[in-house]
Every structure is written in structure tokens, then in C-alpha cells.
Amino acid sequence: ELIEKEFKLTFEISDRYHHNPENGHWYEVLLLDEHIDWHDAMALAENRNFFGKRGYLATVTTDSEHEFISSIVSENIWLGGSDEAEEGEWRWVSGPEGLLNNGVGAEFSDQKGICPAGMGTGESQNGFFVNWAENKPDNLNCDRHYLLMLGEDNPGLEYLWMDYSEVQDPEEPFEVRT
């Protein structure tokens with residue numbers, strides 16, 4: 001005689017890992033002791049592994065994903081976007097979106113104007129979500145090629161995006177430890 005039993009398996013991963021039920025993605029939040037630059041953050045993310053899947057800096061492609069990420073972080077964080085390869089052409093260069101277009105990534109935003117300080121329009125490209133701060137991206141000082149999402153310690157700019165340089169900018173010294 002066959003006996004059927006139901007059981008529920010639950011487990012706790014930790015406060016570092018967060019599951020977004022809407023898109024099925026997992027997010028790991030690492031709080032570091034000191035500032036990390038964008039390339040080091042990319043390498044750190046890509047060398048992480050979760051249930052056999054390789055990590056990457058987040059690509060925030062929808063408003064609901066942005067809301068989810070905003071709910072799990074409070075610090076400034078690097079995102080997987082850059083215009084390093086082609087000035088003014090903002091692309092997702094990490095994760096699945098980074099593999100699109102023969103590996104150059106999915107273009108998600110534009111940037112009108114060129115350095116030393118073009119006024120940013122930050123218009124969405126290809127239907128992607130964007131959340132730029134006012135007049136961003138602007139490539140101030142011709143060295144802002146990496147996507148930064150500001151945390152809650154930035155009054156009036158909480159969770160907005162800006163283009164940022166690889167190192168801490170003395171004109172806008174946002175520390176990134178996440």
C-alpha cells in the first residue's frame with residue numbers, strides 16, 4: 001500500500017541573500033570595510049557563486065526590480081552598467097544582459113553631450129528602466145563611466161543613479177562599500 005505524505009522544507013540562507021519572487025533572482029549584499037572601485041566590485045561579484053550560478057553586479061531592468069533592490073540595501077552600490085567602451089552609450093555589461101549583442105551588452109540609456117560636462121538626458125533605450133538623478137549622466141571630468149546607485153545617506157538623491165569615476169571623486173565623494 002502506498003502512503004503519501006506531504007512535507008515542507010524551509011531553510012534560512014542568511015541576511016546577505018535575498019530572493020526576489022517576481023523575477024526569481026537571488027541578490028547577495030556584501031558590506032565591505034572600505035571603498036571598492038567598480039572594476040574590483042565586478043571581479044568580486046563574478047568570482048562569487050550561489051547554488052552553482054556565477055555572480056554579477058546587478059542589472060536593474062524594471063521599476064519593480066529597482067524597488068526590490070532599494071528595499072534590501074541602504075548603502076551606495078555599484079550596478080553592472082557602464083559607458084566605458086563607447087562614451088555616452090550606457091550598457092548593461094554584467095549578467096545575462098551583458099552577454100547580449102555579441103557580448104557588448106544591452107544598451108539601456110543614452111547620454112547627450114560629451115565631456116568635460118555634457119548635460120545628461122539619461123533617456124531609456126530599448127525599453128529598459130532608468131532612474132538617473134537630474135542632469136545625469138554627465139561624465140564630469142571625462143572620467144565617469146560606471147553606474148552608481150546612491151543609498152539612503154544622500155538626502156534628496158536616495159536610490160537615484162549617477163555616472164561615477166572609478167575612484168572616489170573629491171567633487172562628489174560617494175563611498176561605495178557594498
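Can you find even one residue in segment 2-16 that is of a type in the set (Ser, Thr, Tyr) and buried (at least 18 other Cβ atoms within 10 Å of the Cβ)? Before the answer, list the steps.
Looking only at segment 2-16, we keep the residues that are of a type in the set (Ser, Thr, Tyr), and these are 10, 14.
From what is left, the residues that are buried (at least 18 other Cβ atoms within 10 Å of the Cβ) are none.
Within segment 2-16, not a single residue is of a type in the set (Ser, Thr, Tyr) and buried (at least 18 other Cβ atoms within 10 Å of the Cβ).
Residues checked against (1) under 25 Å from Arg177 (Cβ atoms); (2) modelled with pLDDT under 95:
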site: Ala45; (1), (2): yes, no
site: Lys53; (1), (2): yes, yes
site: Gly88; (1), (2): no, yes
site: Gly105; (1), (2): no, no
site: Pro116; (1), (2): no, yes
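From the residues in segment 25-36 that are open to solvent by less than 40 Å² (accessible area, probe 1.4 Å) and assigned to a loop (DSSP other than H, G, I, E, B), which one is farthest from Ser109 (Cα to Cα)? Step through it out loud before you land on a result.
The first filter runs over segment 25-36 and keeps only residues open to solvent by less than 40 Å² (accessible area, probe 1.4 Å), leaving 27, 29-30, 36.
Filter again for assigned to a loop (DSSP other than H, G, I, E, B), leaving 29-30, 36.
Details: Val29: 25, Leu30: 27, Ile36: 24 Å.
Residue satisfying both the conditions and the ranking: Leu30.
Please report, ordered by residue number, the strands (runs of 3 or more DSSP E) entirely within segment 47-112 with at least 3 residues that are touching a helix residue (DSSP H, G or I) at 6+ places or on another chain (Cβ under 9 Å), open to solvent by less than 20 Å² (accessible area, probe 1.4 Å) and closer than 17 Å to Val130 by Cβ.
Numbers: elements: 77-82, 89-92, 106-110.
Qualifying strands (runs of 3 or more DSSP E): 77-82.
Would you tally the residues in segment 124-178 being at pLDDT 80 or above, under 19 Å from Val93 (Cβ atoms), assigned to a loop (DSSP other than H, G, I, E, B) and not aliphatic (A, V, I, L, M)?
14
Given (1) assigned to a loop (DSSP other than H, G, I, E, B); (2) modelled with pLDDT of 95 or more, where does Phe11 come up short, assuming only one miss?
Condition not satisfied by Phe11: (2).
Residues in segment 9-27: is at least one in contact with a helix residue (DSSP H, G or I) (Cβ under 8 Å, 6 or more places away or on another chain) and either small (Gly, Ala, Ser) or within 24 Å of Arg144 (Cα to Cα) (or both)?
no
Give me the pairs, please: first residue somewhere in segment 121-143 and within 12 Å of Trp161 (Cα to Cα) and small (Gly, Ala, Ser), second residue anywhere and modelled with pLDDT of 90 or more and not in a loop (DSSP other than H, G, I, E, B), beta-carbon distance under 7 Å, and either six or more positions apart or on two chains.
Hits for this filter: Gly122/Ser109; Gly122/Trp132; Ala133/Trp161; Ala133/Met162.
The values are calculated or read from the model by the stated rules, or taken from the named source; none is laboratory data. What you are looking at is a predicted structure, and each value in this text was computed from that prediction instead of being measured. Here the Cβ is made from the backbone with ideal geometry for all residues, glycine too, and neighbour counts use every protein chain on show. Just the protein is used for accessible areas: all its heavy atoms, side chains included, with ligands, DNA and RNA removed. Shrake-Rupley method; radii C 1.70, N 1.55, O 1.52, S 1.80 Å.
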